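To keep things clear, I will list the structure first and then write my remarks on it.
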Amino acid sequence: MKYKLGMQTVEAVYDNSGTQNPLIEALPECTGPEQFEKFIRCCPPPPQACQDISMAERRQGLALLPTVFVPLPYMYYVYDSLYRMLTSSYHTLTSRERVTKINALFLSGGSVAGYGAQAQSGALLGTPGLGKTSTLRRCLNLMPQVISHEKYLGKAFYCKQVLWLHVECPSDASQKTMAYNIVRALDMAVGSNHLDYLLRARSGSVSSVSTYIKTLCVTYNVGLLVVDEIQNVVATAQRTNRIKPLIRFLTELTNDTCTAVYFTGTTLAEAVFQSEEYLRRRTRGPRLLPFKPDGAYREFLGALWPYQYTPEQAVLTDRLANQIYDYSGGIPAYISKILEEAQAQALMRGAGRIDRKMIAAAADYLAIQPPKELGTGTFLSDFQAASGGPTESPEGHSALQEAEEDNPEDTGPVKRLYAVPRGRKAAERDERDLLVAFKIGALRELLLSQDMVEEVVLC
């Protein structure tokens, strides 16, 4: 790899691709699917034997469960989008104009071939609890935030290139607050104190602050601005109608500086994005929905299942998996939390392992209420691995599905299997069935023939 992972600021390393654009040549390589999954995965060794450890050790280990991060296929799609948007920022007209001046100094007026009119933009919206923010942070951390340029083609070239900034959208939908958040993120990245200057100039108008932000983005060659929690402005927008000025400010920032903007948040922001044509065009991207009750959900649950700190390890059965899905709605954050709390309930009650009763107690204690209506979008189960093949089931999956719990009440057949519509299969009805007779208009004759009613003739 060109740059070491985890480094915030690095010295520029050029790939000599012949683009005559140092901002492009210094970019890190795009990580492949297999490496990406390896880099973002956080799965510490699960407990091996918990029979001989103390209660304090059990609870300490249980606290590590929220740190487990299981890569999902959709995450690489997000990373690929971010990388392409970042690269597009340095292929735009504004970047070309800056690089042309550089080439005039270093290359005797060499030209840069090809450019775009504006940087790309997009959005990632979805049901809360799907891991959008965690995914974004891990994707961005695969790239250095700042590249420091000192020499290009053998000549002095002092420049800082800020690849990305991650800011949270203000709940008051204020342009000034958003500007302050951007400047604060920039100061933290490059070690400057531009925010102090802005705060001292309290009389500055919104337009002057906006101009100042645009100048900083051009000066530091900001490639990508990720605006998280965009749904924070929805409630404020309904009262003050301030959402559009804020979005317009970010749109102008993209147009004037060629800095790509990527919005993330919940589906509450969808109504705002659909209100204007230019917003629909600039906020294209996936709308994420939870897992379906299928093999993808089962694979995710199976990756978390070994992290049990109770004296005994419960076997993952269809019945338990269905129960957890019903309580969690297929939302990864809820699945993890239910599994953690179910173990906590078992430890407090002196139970040897988790079971259906502990899972129900955990869901009741957490007061989890998954959304009943999901809207339109793409389910997590519908994403395939970046290689193009279907997601493989973990080893031993079939055996786990066939396993039964020791509890006698769980020995009956499980009707709700994955990828099969839930509910009982409709029983076959013959012509003597009341419903069938009613539908064909023969209910009266049937009732009379079976002596179920008495016909009275009134004179």
In region 60-71, how many residues are assigned to a loop (DSSP other than H, G, I, E, B) and either modelled with pLDDT under 90 or not aliphatic (A, V, I, L, M) (or both)?
3
Only one of (1) touching a Pro at 6+ places or on another chain (Cβ under 7 Å); (2) more than 15 Å from residue 63 (Cα to Cα); (3) outside any loop (DSSP other than H, G, I, E, B) fails for residue 330. Which number is that?
(3)
So, residue 248, is that one modelled with pLDDT of 80 or more and in the same structural domain as residue 128 (by TED's automatic domain parsing) or not?
no
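Take the residues of region 1-57 that are assigned to a helix (DSSP H, G or I) and in contact with a strand residue (DSSP E or B) (Cβ under 9 Å, 6 or more places away or on another chain): which is nearest to residue 132 (Cα to Cα)? Reasoning before the result, please.
Applying the first criterion (assigned to a helix (DSSP H, G or I)) to region 1-57 yields 22-25, 33-40, 55-57.
Narrowing further to those that are in contact with a strand residue (DSSP E or B) (Cβ under 9 Å, 6 or more places away or on another chain): 22-23, 25, 40.
On the way: 22: 32, 23: 28, 25: 30, 40: 13 Å.
Of everything passing the filter in region 1-57, 40 is nearest to residue 132 (Cα to Cα).
Which residue, of 403, 419, 399, 385, is touching a Ser or Thr at 6+ places or on another chain (Cβ under 6 Å), at pLDDT below 60 and not assigned by TED's automatic domain parsing to the domain that holds residue 267?
Numbers: 419 fails: touching a Ser or Thr at 6+ places or on another chain (Cβ under 6 Å); 399 fails: touching a Ser or Thr at 6+ places or on another chain (Cβ under 6 Å); 385 fails: at pLDDT below 60.
Just one listed residue meets the conditions, 403.
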Regarding region 161-178, can at least one residue be identified that is under 17 Å from residue 24 (Cα atoms), in contact with a Phe, Trp or Tyr (Cβ under 6 Å, 6 or more places away or on another chain) and part of a strand (DSSP E or B)?
yes
If we scan region 128-149, do we find a residue that is at pLDDT 90 or above, under 26 Å from residue 16 (Cα atoms) and assigned to a helix (DSSP H, G or I)?
yes
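Does at least one position in region 72-85 carry a residue that is touching a residue at least 24 places away in the same chain (Cβ under 8 Å) and not in a helix (DSSP H, G or I)? First the steps, then the outcome.
To start, the set of residues in region 72-85 that are touching a residue at least 24 places away in the same chain (Cβ under 8 Å) comprises 72-85.
Now drop any that are not not in a helix (DSSP H, G or I), which leaves 72.
Yes, region 72-85 contains a residue that is touching a residue at least 24 places away in the same chain (Cβ under 8 Å) and not in a helix (DSSP H, G or I).
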Search result, residues across region 262-312 that are without any contact (Cβ under 8 Å) to a residue 60 or more places away in the chain and either of a type in the set (Val, Ile, Thr) or part of a helix (DSSP H, G or I) (or both):
268, 271, 272, 277, 278, 279, 280, 281, 301
What about residue 22, is it surrounded by 18 or more Cβ atoms within 10 Å (Cβ to Cβ), in the same structural domain as residue 256 (by TED's automatic domain parsing), of a type outside the set (Lys, Arg) and more than 17 Å from the chain's Cα centre (by Cα)?
yes
Being under 23 Å from residue 133 (Cβ atoms), surrounded by 21 or more Cβ atoms within 10 Å (Cβ to Cβ) and of a type outside the set (S, T, N, Q): is that true of residue 339 here?
yes
Residues (of a type outside the set (S, T, N, Q), closer than 22 Å to residue 291 by Cβ and not in a helix (DSSP H, G or I)) located in region 333-374:
354, 367, 368, 370, 371, 372, 373, 374
Within region 127-152, how many residues are in contact (Cβ under 8 Å) with a residue 12 or more places away in the chain and more than 25 Å from residue 296 (Cα to Cα)?
12
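Has region 45-59 got any residue that is at pLDDT 90 or above and in contact with a Leu (Cβ under 9 Å, 6 or more places away or on another chain)?
Taking region 45-59 and keeping what is at pLDDT 90 or above, we get none.
No, there is no match, as no residue in region 45-59 is at pLDDT 90 or above and in contact with a Leu (Cβ under 9 Å, 6 or more places away or on another chain).
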Taking region 267-277 and keeping residues out of contact with any Lys or Arg (no Cβ under 9 Å at 6 or more places or on another chain) and surrounded by fewer than 20 Cβ atoms within 10 Å (Cβ to Cβ) leaves 268, 271, 277
I'd like the residue in region 58-71 that is touching a residue at least 60 places away in the same chain (Cβ under 8 Å) and in contact with a strand residue (DSSP E or B) (Cβ under 7 Å, 6 or more places away or on another chain) and, out of all such residues, is nearest to residue 383 (Cα to Cα).
69
Only unsatisfied item for residue 318, checking (1) more than 16 Å from residue 357 (Cα to Cα); (2) surrounded by fewer than 22 Cβ atoms within 10 Å (Cβ to Cβ), is (1)
Under the condition of being surrounded by 14 or more Cβ atoms within 10 Å (Cβ to Cβ) and not in a helix (DSSP H, G or I), which residue from region 179-214 is modelled with the lowest pLDDT?
204
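The values are calculated or read from the model by the stated rules, or taken from the named source; none is laboratory data. All values reported here derive from a predicted model rather than from experimental measurement. FYI the Cβ positions are ideal-geometry reconstructions off the backbone, even for glycines, and counts take in every protein chain you see.
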